[in-house]
Every structure is written in C-alpha cells, then in structure tokens.
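Read the structure below first, then the notes.
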Amino acid sequence: MGIEASQTKEPLHDPSQKEHQTTLTLEGMTCVTCAMRIEKGLKKLPGVTEASVNFAAEQAAVTYDPGQTGVEQMVQKIEVLGYTAALLSSPFAQAQPDIWSPGDADVLESVKREDEQWQRRQAAIRRKLVLLILGVVLTVPVVILSMFFMNRFLGENLLLLALTTPVWAVVGWEFHREAINRARHSSANMDTLISVGATAAYGMSIIATFFPHLVGATTFYDTTALIITLIFIGRFLETRATGQTNEAIRKLVGLQPRTAHVLRGGKEVELPIEQVRMGDEVIVRPGEKIPVDGVVLAGSSSVDESMITGESIPVEKREGETLIGATINQRGLLSLRATNVGTDSVLATIIRLVEQAQITKAPIERLTDRIASLFVPVVLLIALFTFSGWFIMGTLDLVHPTGGAMGEASTPWIVALVAAVTVLVVACPCALGLATPTAIMVGTGKGAEQGILIKGGESLERIQAVRAILLDKTGTITKGKPELTDVIPVAGKEGDELLRLAAEAEQGSEHPLAAAIVEGAKKRGLILNQLPDHLTAFAGRGLEATVEGHVVLIGTRRFLGERTIDFTAVQEYLEALEVQGKTAMVVAIDGTVAGVVAVADTVKVGSVEAIRQLHAQGLQVWMITGDNQRTAQAIARQVGIPAERVLSEVLPEDKAHQVKSLQEGELVVAFAGDGINDAPALVQADVGIAMGTGTDIAMEASDITLVKGNLKSMATALALSRATLRTIKQNLFWAFGYNTLLIPTAILSPLIPFLKEQAPIFAAAAMALSSVTVVSNSLRLRRFGR
C-alpha cells in the first residue's frame, strides 16, 4: 500500500484544447460499487476522456469532447444505470447576460445548490430515522420472543412472521430495490449481499413455519430482522457522518453576502449581490460584510479576514489596499471599487477549488475502488462455495458443527445456509469505499478553513512525500515590494527632517524605490508639504530636486562622487547596510551629506518561524532568487537557510532547471512561488505551492495555494497532508483487516461455539460498525490544529 514519491504532473491547461469539464450531482448510490458502475458507464460514452465519481461527495467530474457528447447524454446514461443525475451549476446564469454576469449567478447558484443539497440530506436523514425507529420497535420483540419464548405457545412463528415481515419488506426495501436494479443490469453491489442474505434467512423461516417437514422447525426471523436493522443503523449513522465531511463547503458558501450598498447615479442604493458589476463603487459600514473583492477608494478600517485566510488578527486597510469579499469590516466606513465579482472573486475561487479537490481521486483511492468493484462478485462466489461445502460435508457426515439449533436433523441445510448468509453480510465492502474519500473531504475542507487550498487527493499524496522545498525569495520569503527600513542622519540633521525632505524630493519620481521612501514617510506620520519645484532623474544613479528652497540629491556613491560631494562620513553605514542586502542611498542637502536612507524587500512576518518548522520536520529548505549573491545570502541569514542552499542570480527561465536538478538527486521537491515566471517551476516540481497574494497563473499551475501568502501556512499544509494520509492508511488498514479477519471467520462460523446460528447477527453488527468506524476516524481530522 505504498505511495509513490514522485509522480508525473499534468502540464498547464491549454485553452486551445477542445475538451470541456463538467460536474454532475448524483442520487441513488449506496456503496462504492455504485460509484464504480457510474464511472465505467460514463467512460463508455463517445468523447468522454475521463470520469471520476466520488461516492462520499455524491458527485461526478467528467472531461469530454462537446463535439461528441454532452451533459444530456451523460444524464441519460446514468439514468439507464438506475440512478439520477443533474448538472451542478444552473444554465439560467447564461440566459440573462444583460442583467448580471454568469459568474455572479453561478455564485448565487452555488449558495442555492448547497442549501438544496443540505435540505435533501436532512430529509433523507429524517426518512431513515423513521424507518430506523420502525425497525427497532419491531426487531426488539422478535429477538425477545426468539431467545426466551421459543416454542412456548401456539402460533409463535406466525407472530414472528407478522413482526418480521415489515422489517424485511419496509425497512429493508432500500436494500431490495437496489439489489433488483443491479440484477436488471447484470451487476451486484453491497445491497445485493444484504438483500440476498436477509431474504434467504426470511424465506427459509417461512418454509420452516408452514412446511417444517421439509427443512425442519428452526426459523431465523430474529436473524432476518437483526441483519436489516443493524445494517440500517450503520447506514443511518454513515449518512449523518458523511454529511459532516462536507461541512467546510457549506460554511464557505454561507459566507457569501446577499446584498450590497452601491452608488448609482450619485445615490446609495441597496442591491442584490448579483447586480453588482465590476467597477461599481460600494459602501461598507462598520460591522458589515464586504460584499465583493475590491480596492479601498476612501476611508480606513481594520478587517477581519479570518473566515478566508484563517488569520485571527484583523488587518488594517487604507486607501489603495485590496479587500476580500465576505470578510468583515470592523470599525471604519469604507468606500471600495469592485474589482472581482462572481466566479472571479476570492471566495468563489476557494469554493471551486475545494469542490474540485473533494471530487478528484487520489491514486490510492483509485486502487481501493478497483478492489471494491471486484469484491462483490468474489464474495457471492465465496458464499456459494461456503453453502455447497458445508452442505456436502454435513450430508456426508464429514464434519460435526457445534450444538444448539445446528444439532437438529436438518443440520446440513441449516448449517450451510447460516454460514453462507454470514459470509454475504460480513463481507460488504462499504468501509473500503469510504476509507479514502471521507478523509480527503474532511482534510481539504479543514485546509480551506485555514487558508490552504489543496487541489485534490493526488496533491495530498505527493506533498507528504516531499523531502526538499525550494522557496522563491521575492514574494514568498519576502513581501515582494521594497519598504523603507533605515534612516540614518549625520551632520546634526534630525531623522524626521532628513526623511521628510527626501520623501518630498522623491514625490516626483515613479521609481519603486522612490515610492518606498514616500510610503515610509507617510507611515511615520510625516506631512509632505509640496511636490518638488524642479526634479531631474538620472537612470540607475539617483535624482536631483529642489524642495522648500533646498537642493536635494539622493542616489548612489557614484552619483554623489560625480558632483564632488564627500560621503566618507556615511561610508561605514553604507557598507553595513549593503551587507544586510539593503539598497542604501546617500542624501545630500545643499551640497553636504545629510545622511543615508535604505530600502529593502523585507522578510514577511512568520517566514523565520515557518522555515524553522520546516527544518524541524526534517526537510531541506532551499532559496532561489535572481538577486545578487550578497543580497540573497543576507536574506538567507535572516531566515535561517544555510548558505550552501542558496541559489542566487538565477534567470526566471532557469528556475525549472534548478528544480529538475534537485529531483535528479532523488529528492521529492516542492517549489513555492508567486509570479508568472514561477509557473514552469511549479509544474516541474513534484508539488507546486503558490502564494495566494501572487498571480492567477501561478495558482493555476500549483497543487496547493496558500491564501494568506504566508509561509507559516506551508508548514501547516505539510502537517495536514500527513495527518490526512495517516487517517487514510488507518481507514484502509481497518477496512482490509476487517474483511481479512471476518470472512474466514464467517466461513468457519459453524465450528465456533459462541456463534452457532447467531453468526449472521454478529456479522451484521460488525459490518455496520466497520463503516461507522471509518467515517468517525475521518471526522477526527476536523480537530486538526486545535
């Protein structure tokens, strides 16, 4: 059951390809063999290149050529197989382009769809609860009569028949209906095993009731009732538990605001969220949810983004900064410009990625599905051989089973039937089918709650095998934009005065370093009085400006040297700052050096701790950058990456080659980046990790997206993937171990004294317990990180 460390990843999606992808919701599946049957049926359709059916999620993801087939043909095929299907999203969104965008309607449709799905699931639970109560109420007296009042009064078997028949016919109809449907299509599933086993015991009891001279007087009404009721209890608990595995999607969909306050024609109007368009100006008051993604036009506030990023500390927002829809404005009045609406929004993207992750199958899941699909016919053969074997051996008096009811004259027939029914009931592969998808659904959902979007089970499998992580410096380890870090005045100047004059001079420049100085001055509360009266920029060297009557020079040592300005007073500061990887600039006022300002792409909060955690997990952490070696080594020292694992002055097109080089050293490599030029490396890596603050192309190419853009989430993602894979292995160990142990026990049950004719009852209880155990173990992942 080993998991391969390195697997080939698919290339980036080619828009020119004709293939389309769609997702269908399914109803009527009762076990993993149903899912396998639908999957095989869809793959037989012309033009379908891939189909993946998730039993736990009750959905099918299909890749197809629309020139050869369509959704209607898929739905018809599924209905022919005995199930019902519907398209996941509503086509109505396409019908009203002049009112709202398809993306907006899709988001609302997802809200409606999740509500409807939740209501259907709750209705199914209520219906099952009613049937369960009926089964328990009738089964209890059947068991009491069979155990304590056997042959005590006339007509006892008729009373047992009257009590058992509703259990077999009404409570058990779900099993019989599916068994009949499967028989019509020359197939079988776990319902076939239950139905055949219970019906055999029920039919044998009827014959014994009315024709005891043919098969003896022994009846199995208690066995019939208990098989159906115990397994129905397991099915009921399973339905409740699997509903909880999809709780993350429901929570995410519930975050979507329903209305927004929009300025239209100079007036503020409250509109349904689907009528908000890109570019609209939206007003958000304190305590309200931010309705769409946007950029702050006016106002400042702190925003609670925990529901999207998992970060509990509110984030300060001011003019020009981005806002995420569905987050909560805490204290200030904000005016924003809508930038992303509908399916382009962060929330819609997260929901879509989580839905895709929960539908896609891990390689280990595809293996267990194949095993489970073969299980039912194999079990039917084993049951047939068990019946034949015990009947022949009993008839020839080759073996003597245990006493009790099995010691009567009809022993060969009774023994054979009981053993065969026990095999049928105990061998249902439901636990095997639930082992992987339930864990993946809970794991990916839990990741989404913490701002970690995992594309699917395959990504989960690969990340747990990672042994080396290659981190792009800019935007991954660092913030990705320069910030003012140091202001060092000399010659009696005050630091604030030095910075104010430098910032006023830089206000006329569009250079990123100039913007960093201006922004740094504003953050320190300095008031910049005016734009420079005169400004001349010298590319690659500096600028000269006149502000407040002073001639201000800002630039490199070479720039000041060309103007014969002595900068020896700041030489030591310049060298110290450059060793730290910072860009240091000399400031001269009226021909005299006044000090030094330095900017740098600073390390993100949490990067140092995250890299420490990655080292603690036994991973090799590398840094890759196009910066010079001095800057790269300075950043590496700050975050604790060894000098020998720093790859500097790497061209963008060479990043993928560096990943491949590490892979050739037999390392399973993860690459983390945020830019367009990181996409080839993200695809080349065994696991691609994109920063949520980066580009859409990087996120498309990656296996995992960290919504916060914080490396601390990476260590959490690794721990979550390992916890999920550990849960899957535990589930599979239990499922395989259960069947490996209990099928031989069922075959030999006539020789085990404490089982006797009650073996099918123990089998039903064990089968129900196995499914509930697997789902409950998966639900433990919801406590991850607590």
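The values are calculated or read from the model by the stated rules, or taken from the named source; none is laboratory data. This one's a predicted model, so the numbers in the text were calculated from it and none came from an experiment. Every residue, glycine among them, receives a Cβ derived from its backbone with ideal geometry; neighbour counts consider all protein chains shown. Note: accessible area is taken over every heavy atom of the protein model, side chains too, but ligands, DNA and RNA are not part of it. Shrake-Rupley method; radii C 1.70, N 1.55, O 1.52, S 1.80 Å.
Tabulated results
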{"item": "Projected label distance in nm at PHE148 and ARG264, using a 7 Å step from Cα toward the beta-carbon", "result": "7.2 nm"}
{"item": "Listed residue pairs exceeding 30 Å between alpha carbons, taken from LYS267/LYS289; LYS267/LYS523; LYS43/LYS655; LYS77/LYS128; LYS493/LYS522; LYS446/LYS523", "result": "LYS267/LYS523; LYS43/LYS655; LYS446/LYS523"}
{"item": "Simple spin-label estimate for ASN628 and PHE210 in nanometres, 7 Å along Cα-Cβ", "result": "9.9 nm"}
{"item": "Length added when fully stretched, VAL137-THR49, from 0.36 nm per residue minus Cα-Cα", "result": "26.7 nm"}
{"item": "Hypothetical label at LEU526: residues of the range 476-500 whose amide nitrogen lies under 19 Å (7 Å Cα-Cβ projection)", "result": "482-500"}
{"item": "Probe 1.4 Å, accessible area per residue of the range 569-652, Å²", "result": "42 Å²"}
{"item": "Modelled FRET efficiency - R0 35 Å, LEU374 with ARG722, Cβ distances, 0.05 increments", "result": "0.70"}
{"item": "Length released on extending from GLU281 to ILE392, taking residue separation times 0.36 nm less the Cα-Cα span", "result": "31.6 nm"}
{"item": "By average C-beta atoms within 10 angstrom, highest first, the peptides 618-627, 189-198, 706-715, 527-536", "result": "189-198, 706-715, 618-627, 527-536"}
{"item": "Heavy-atom accessible surface of the range 522-662: percent carbon and sulfur, 1.4 Å", "result": "50 percent"}
{"item": "Cβ-Cβ FRET estimate between ASP496 and ASP654, R0 fixed at 56 Å, reported to 0.05", "result": "0.80"}
{"item": "Residues THR536 and THR22, FRET efficiency given R0 of 51 Å [Cβ-Cβ distance, rounded to 0.05]", "result": "0.30"}
{"item": "Percent accessible area from carbon and sulfur atoms, the range 433-521, protein chains only, probe 1.4 Å", "result": "44 percent"}
{"item": "Pairwise label distance in nanometres, LEU748 with ALA169, each label 7 Å out on the Cα-Cβ vector", "result": "4.1 nm"}
{"item": "Among 168-174, 340-346, 282-288, the order from most to least packed when residues are scored by Cβ within 10 Å on average", "result": "340-346, 168-174, 282-288"}
